[in-house]
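Step one of this worksheet: look at the structure below.
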Amino acid sequence: MLNLTETHKTVKNIKERKAFTVSIADSNHVKEADYFGVVSGNNTPDKFAKSGLSYSKSVNVDAPIINEFPVCLECEFIEYGECGVIGKVVNVTADESVMNGDNVDISKVSAIAFDPYTHGYYKVTERVGNAFKDGFELK
Ligand SMILES: Cc1cc2nc3c(=O)[nH]c(=O)nc-3n(C[C@H](O)[C@H](O)[C@H](O)COP(=O)(O)O)c2cc1C
């Protein structure tokens, strides 16, 4: 689910193509990721070219994959509702450099997260626990 305002160019594109991708930006591309968020395709048609990044066409859905971002979720569009865009992830692509065997190793991605309170971008790097397991210690 993507909580996106309906008037954004991104939402218009998603509805038209019935597909979208979600790329995970890394700490080497903070400027480019922020650029995508502060400029609209509604009045800057060559937004992608200006970002300096490149893309490949997904073979699974009608949407681009940003080559420089390490992980990408390829999604089919389901509907635009009260919560925003709802889609289904049909494939995940990842750069070899962030793989550990068959899995994406999130500690290698150096993904960035946005803090809406301080408007900061933070690196997500360190594993601090085990899901579906650590909580049982308090049971
Ligand atoms: C850090 C950051 C977070 C944002 N979060 C959202 C969000 O959650 N929902 C939304 O609709 N727009 C959000 N925006 C604003 C859009 O990215 C912005 O309106 C952008 O220009 C839309 O581009 P488009 O019209 O090409 O789709 C965010 C922007 C930034 C920089």
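Shape summary: the range 16-63 maps onto an equivalent ellipsoid whose semi-axes, from the alpha-carbon gyration tensor, are 19, 15, 10 Å in decreasing order. Rounded, prolate or oblate: pick one for the range 41-85, where a ≥ b ≥ c are the square roots of the eigenvalues of its C-alpha gyration tensor, a/c under 1.5 means rounded, and failing that, prolate if a/b is larger than b/c, else oblate. Note, shape of the range 41-85 comes out oblate. Rounded to the nearest Hz, the phi-derived 3J(HN,Hα) couplings of the range 96-113 under the Karplus curve 6.51 cos²θ - 1.76 cosθ + 1.60 (θ = phi - 60°) are 3, 5, 10, 8, 10, x, 8, 10, 6, 9, 4, 5, 8, 6, 6, 4, 10, 10, where x marks glycine and proline. Along its principal axes, the range 7-121 has C-alpha extents of 38, 32, 29 angstrom, given from the largest down. From its DSSP helices (H runs of at least four residues, each -39,500 (n - 2.57)), the chain gives a residue-normalised ellipticity at 222 nm of -5000 deg cm²/dmol. Arranged from fewest to most other beta-carbon atoms within 10 Å of their beta carbon, H119, H29 become H119, H29. Dividing the mean sequence gap of close Cα pairs (under 8 Å, 6+ apart) by how many residues the range 9-138 holds gives a relative contact order of 23 percent.
Bear in mind these aren't lab numbers, they're just calculated from the coordinates by the rules spelled out. Nothing here was measured: the structure is a model prediction, and the numbers come from that model. Virtual Cβ from ideal backbone geometry, glycine too; neighbours counted across all protein chains shown.
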